[in-house]
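The structure under discussion appears below in the form of structure tokens.
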Amino acid sequence: VRFADNWAKEGGAVHFLADGEGTTSPRFVNAIFERNVATGDEGGGGVRFGGYRGTAEPEFVNVLFWRNEAVLGSGGGVAFETGGQQPRRASPMFVHATFVHNRASVDGGAVFGQGDSAALTVENSIFWGNTARKNGPHIWLDALAEVAFSHTLIEGGIQVSSNGPRLV
């Protein structure tokens, strides 16, 4: 599946919310997200999602995020967050994902995540050539509950802030 040359205020190609009390678990397999643009300050050039009163657990397997952009916001490739009333959770999993040349005008050139009920899992993935004007050229995570990386290459490595799991 290919998502190319789309634009929207939030989530240039895909935008979804877990706004009920159930779980939303879309699965993107062998997908390409290229040259998508989020024009609003909520970001998510390729994909934006959140857990509000529900759980969002998307899986991205064998995916490419290439040249997506968050014009006014964060998360050039992907932006996610939690908010609203309990229970709520946002926990994406990326397996064999490649993030190349995505950019954000704020934080997280490739991935931006926030919320105390959010988690991020990344396995066998590559982050290269992504940029953000403020923080985290590749990844910027704010107050996430859980973060797990395995067998993943990140250009320039990872720095962890003393204010919580903010990764760059």
Query raised in the report: How much length is gained if the chain between Val1 and Arg27 is pulled fully straight, taking 0.36 nm per residue apart and subtracting their Cα-Cα distance, in nm to one decimal?
Result: 8.2 nm
Query raised in the report: At what distance in nm do the modelled label points of Ser150 and Asn124 sit from each other, each positioned 7 Å from its Cα along Cα→Cβ?
Result: 1.1
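Can you tell me the accessible area per residue over the chain, all protein chains present, probe 1.4 angstrom, in square angstrom?
Heavy-atom SASA per residue in the chain reads 45 Å².
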**Report entry** Which of Glu21, Glu57, Glu34, Glu146 is most accessible, then next, and so on - probe 1.4 Å
**Finding:** Glu21, Glu146, Glu57, Glu34
Report task. Using a 1.4 angstrom probe on heavy atoms only, work out the carbon and sulfur share of the accessible area of the chain in %. Result -> 48
Query raised in the report: In percent, how large is the relative contact order of the stretch 1-64, given Cα pairs closer than 8 Å and 6 or more residues apart?
Result: 45
Query raised in the report: Probe 1.4 Å, all protein chains in place: accessible area of Thr39 in Å², nearest 10?
Result: 60
**Report entry** the stretch 72-139, relative contact order in percent, only Cα pairs under 8 angstrom and at least six apart counted
**Finding:** 40
Report summary line: Dividing the mean separation of Cα pairs under 8 Å (6+ apart) by the residue count of the chain yields a relative contact order in percent of 17
Query raised in the report: If you take the beta carbon distance between Asn62 and Asp41 as r and set R0 to 35 Å, what does 1/(1 + (r/R0)^6) give as a FRET efficiency, to the nearest 0.05?
Result: 0.70
Requested in this report: First check a/c for the stretch 28-92, with a ≥ b ≥ c the square roots of the eigenvalues of its C-alpha gyration tensor; if it is under 1.5, answer rounded, and if not, answer prolate when a/b is larger than b/c or oblate otherwise.
Outcome: oblate
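The values are calculated or read from the model by the stated rules, or taken from the named source; none is laboratory data. Source: prediction; values computed, not measured. Every residue, glycine as well, gets a Cβ built from its backbone with ideal geometry; the counts of neighbours run over all protein chains shown. Only protein heavy atoms, including side chains, enter the accessible area calculation; ligands, DNA and RNA are left aside. Shrake-Rupley method; radii C 1.70, N 1.55, O 1.52, S 1.80 Å.
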